1. Quick one: among 124, 27, 110, which has the greatest mean-square fluctuation in a GNM of the chain with alpha-carbon springs under 10 angstrom?
2. From the C-alpha gyration tensor of the chain, pull out the three semi-axes of the equivalent ellipsoid (sqrt of 5λ each), sorted largest to smallest, in whole Å.
3. Using the Cα gyration tensor of the stretch 1-50, with a ≥ b ≥ c the square roots of its eigenvalues, what is the shape: rounded (a/c below 1.5), prolate (a/b larger than b/c) or oblate (neither)?
4. How high is the relative contact order of the chain, given as a whole-number percent (alpha carbon pairs under 8 Å, six or more residues apart)?
5. Could you work out which residue, out of 21, 52, 86, moves most in a Gaussian network model of the chain, that is, has the largest mean-square fluctuation with Cα springs under 10 Å?
6. Using Cα atoms only, what is the angle between the long axis of helix 58-68 and the major principal axis of the chain, expressed in degrees (0 to 90) to the nearest 10?
7. Treating the angle as unsigned and between 0 and 90°, give the value, to the nearest 10°, between the Cα long axis of helix 121-130 and the longest Cα principal axis of the chain.
8. Can you work out the FRET efficiency for the pair residue 167 and residue 68, with r the C-beta to C-beta distance and R0 = 30 Å, to the nearest 0.05?
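Computed from the coordinates by the stated procedures, all read-outs in this text should not be read as laboratory data. None of the values given here were measured: they were computed from a predicted structure. FYI the Cβ positions are ideal-geometry reconstructions off the backbone, even for glycines, and counts take in every protein chain you see.
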């Protein structure tokens, strides 16, 4: 059975991006969904000095092994001051020390959401520009603005956004 990884790129225990990533992963039928919580992969702040002194963190090695099993990735980005959350950036930095093409040319859906009207579109643009250089095979992307207006009782209620997400999921399924 194919395996996909979902990541809500935030360390918030109530992350709306984790909710969106996992919701989207559950829309992909006939796959095993591996739901990554960044809180389970805490590691020291990336530093070449720490790497030289202590080597790679065990949690980075463990997560890299999980990534090796993936047939695709669904990531929803929290936007912190216009960029990746510190938790995601740290994990990303450590993993690229193990595997430069961190995404292994596997299909990816990139998402972002926020309570605001821009829906994390700035961080989504950063990922869209960067991930192809890191082995990302981006099938599509979607920003979900005003999360609490558009996502209620566990579902995406905005018809236009739901239609766009369903189309992305269908494209993603064809590629995994």
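1. Among 124, 27, 110, the largest mean-square fluctuation in the Gaussian network model of the chain belongs to 27.
2. Largest first, the chain gives 26, 18, 14 Å.
3. Judged from the Cα gyration tensor, the stretch 1-50 comes out oblate (a/c at least 1.5, b/c at or above a/b).
4. 23 percent
5. Result for the chain, Cα springs under 10 Å: 52 fluctuates most.
6. Computed tilt is about 50 degrees.
7. 50 degrees
8. Efficiency for this residue pair is about 0.55.
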